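Colleague: Here it is, the structure in full.
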Amino acid sequence: MTLRHLKIFIALIENNFNTSKTAEKLLMTQPAVSIAIKELEQYYGITLFDRINHRLKITEAGNRFKEYASHILTLFDDMEKSMKNWDSIGLIRIGSSITIGSQFLPNYVKEFYNIYPNTNVKVQIGPSDQLEKKILNNELDFALIEGVVHNHDFISEEYMEDCLTVICSPNGPFKQSQEISIEEFKKQNILLREHGSGTRETIENVIEAAGFSIEPTWEAMSTTALVNAVINGLGISILPHRMIVGPLEKGLVIAINIKGLEFKRKFQIIYHKNKMLTSSAKFFINLCKNYEIDYPLPNYNGLY
């Protein structure tokens, strides 16, 4: 049994159990694919696929074998990427949700380069659910997210508390710091971040726990777009407080409270439980955890 056997097995699954298509993708012959699968079955003494009406259907043993094969190939791929040219370049691949990526990550990376100037940092910023997929595909070493972790194969470490603030136009019916009822809140046009974002998930979890749901009239990946919509009196929004300090201080928007609801969360650092983190990656993670203690928080007045 070799890595070649595992790659053929996984490729066969990815190509919908079609041996012809798998052979074409791997630049092999169809009989060679079939022989490799038979060799695996003979080696382990199990049936990986049932052959029914000239079609393959994966067995329970095959599904279990898939878990092992995927894990082994991921580790091998990780080793290849990590060890090739390690001494000359070095690389850590970091994912970040949009709020953290726009607020904190540039400062984290700047401080990191002071200690590891020769290590390359590759960053991908996007919704939390997409970052989880990239970690599973070994496209990221770890990620900084705002939401709840959904995969049991991930290690999650809390590192900073964050709160969301309900904002509306100062020209609307509400006053600064006014508390409104849930029923009044439900009557408003709600402007929210897109599905898959940590901010949206936090809001929905709080609202669901309170026993109701909302259907937003606006959805956007941009905090700026939502703030501008609020400024123009198109509705109310719930956004990370750190990202709206500027508009609040300028009086472009006002903050209100909803009786019985509190939108708080913890930022998370996530990585796969089988991921072997390098010393530079571990340093970066610790830098994030201690940033509020060791460095001044960034000031974003005027930016939103």
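The values are calculated or read from the model by the stated rules, or taken from the named source; none is laboratory data. Values in this document were obtained by computation on a predicted structure and should not be read as measured data. Note that each Cβ is placed from the backbone with ideal geometry, even for glycine, and that neighbours are counted across all protein chains shown. All accessible areas refer to the heavy atoms of the entire protein, side chains included, with ligands and DNA or RNA removed. Shrake-Rupley method; radii C 1.70, N 1.55, O 1.52, S 1.80 Å.
Colleague: Are there any pairs with C-beta distances below 6 angstrom linking a residue in the range 258-270 that is surrounded by fewer than 20 Cβ atoms within 10 Å (Cβ to Cβ) to a residue that is outside any loop (DSSP other than H, G, I, E, B), with the two at least 6 apart or on different chains, and if so which?
Modeller: What qualifies is K259/E179; L261/V206; K264/C163; K266/E158; K266/E161.
Colleague: Checking the conditions here, which among I190, I293, I238, I244 is open to solvent by less than 50 Å² (accessible area, probe 1.4 Å), at pLDDT below 95 and not small (G, A, S)?
Modeller: Details: I190 fails: at pLDDT below 95; I293 fails: open to solvent by less than 50 Å² (accessible area, probe 1.4 Å); I238 fails: at pLDDT below 95.
So the residue among I190, I293, I238, I244 that is open to solvent by less than 50 Å² (accessible area, probe 1.4 Å), at pLDDT below 95 and not small (G, A, S) is I244.
Colleague: In contact with a Gly (Cβ under 9 Å, 6 or more places away or on another chain), over 30 Å from F283 (Cα atoms) and not small (G, A, S): does that describe I46? Break it down stepwise before answering.
Modeller: Details: in contact with a Gly (Cβ under 9 Å, 6 or more places away or on another chain): yes; over 30 Å from F283 (Cα atoms): yes; not small (G, A, S): yes.
When the stated conditions are applied, I46 passes them.
Colleague: With the condition kept exactly as written, say whether any residue in the range 55-65 is in a helix (DSSP H, G or I) and either at pLDDT below 90 or surrounded by 16 or more Cβ atoms within 10 Å (Cβ to Cβ) (or both). Reasoning before the result, please.
Modeller: The first filter runs over the range 55-65 and keeps only residues in a helix (DSSP H, G or I), leaving 60-65.
Still in the running and either at pLDDT below 90 or surrounded by 16 or more Cβ atoms within 10 Å (Cβ to Cβ) (or both): 62, 65.
Within the range 55-65, one or more residues are in a helix (DSSP H, G or I) and either at pLDDT below 90 or surrounded by 16 or more Cβ atoms within 10 Å (Cβ to Cβ) (or both).
Colleague: Among the residues of the range 262-274, are any part of a loop (DSSP other than H, G, I, E, B), modelled with pLDDT of 90 or more and under 22 Å from I236 (Cβ atoms)?
Modeller: Yes - at least one qualifying residue is present in the range 262-274.
Colleague: Name, by its number, the condition in (1) open to solvent by 60 Å² or more (accessible area, probe 1.4 Å); (2) assigned to a helix (DSSP H, G or I); (3) in contact (Cβ under 8 Å) with a residue 12 or more places away in the chain that does not hold for Y113.
Modeller: Answer for Y113: the failing condition is (3).
Colleague: Do we have S82 as of a type in the set (S, T, Y), at pLDDT below 90 and surrounded by 14 or more Cβ atoms within 10 Å (Cβ to Cβ) here? Show your work before the answer.
Modeller: Details: of a type in the set (S, T, Y): yes; at pLDDT below 90: yes; surrounded by 14 or more Cβ atoms within 10 Å (Cβ to Cβ): yes.
When the stated conditions are applied, S82 passes them.
Here's the yes/no breakdown for (1) assigned to a helix (DSSP H, G or I); (2) farther than 30 Å from D162 by Cα; (3) among the aliphatic types (A, V, I, L, M):
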site	(1), (2), (3)
M1	no, yes, yes
T22	yes, yes, no
I37	yes, yes, yes
E41	yes, yes, no
I92	no, no, yes
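Colleague: Follow-up. Determine if the range 209-218 includes at least one residue that is part of a strand (DSSP E or B), in contact (Cβ under 8 Å) with a residue 12 or more places away in the chain, open to solvent by 10 Å² or more (accessible area, probe 1.4 Å) and of a type in the set (A, V, I, L, M, F, W, C). I'd like the intermediate steps shown before the answer.
Modeller: Keep residues of the range 209-218 that are part of a strand (DSSP E or B), which gives 218.
Checking the rest, the ones that are also in contact (Cβ under 8 Å) with a residue 12 or more places away in the chain come to 218.
Checking the rest, the ones that are also open to solvent by 10 Å² or more (accessible area, probe 1.4 Å) come to 218.
Add one more test, that the residue is of a type in the set (A, V, I, L, M, F, W, C), and what stays is 218.
Looking through the range 209-218, at least one residue is part of a strand (DSSP E or B), in contact (Cβ under 8 Å) with a residue 12 or more places away in the chain, open to solvent by 10 Å² or more (accessible area, probe 1.4 Å) and of a type in the set (A, V, I, L, M, F, W, C).
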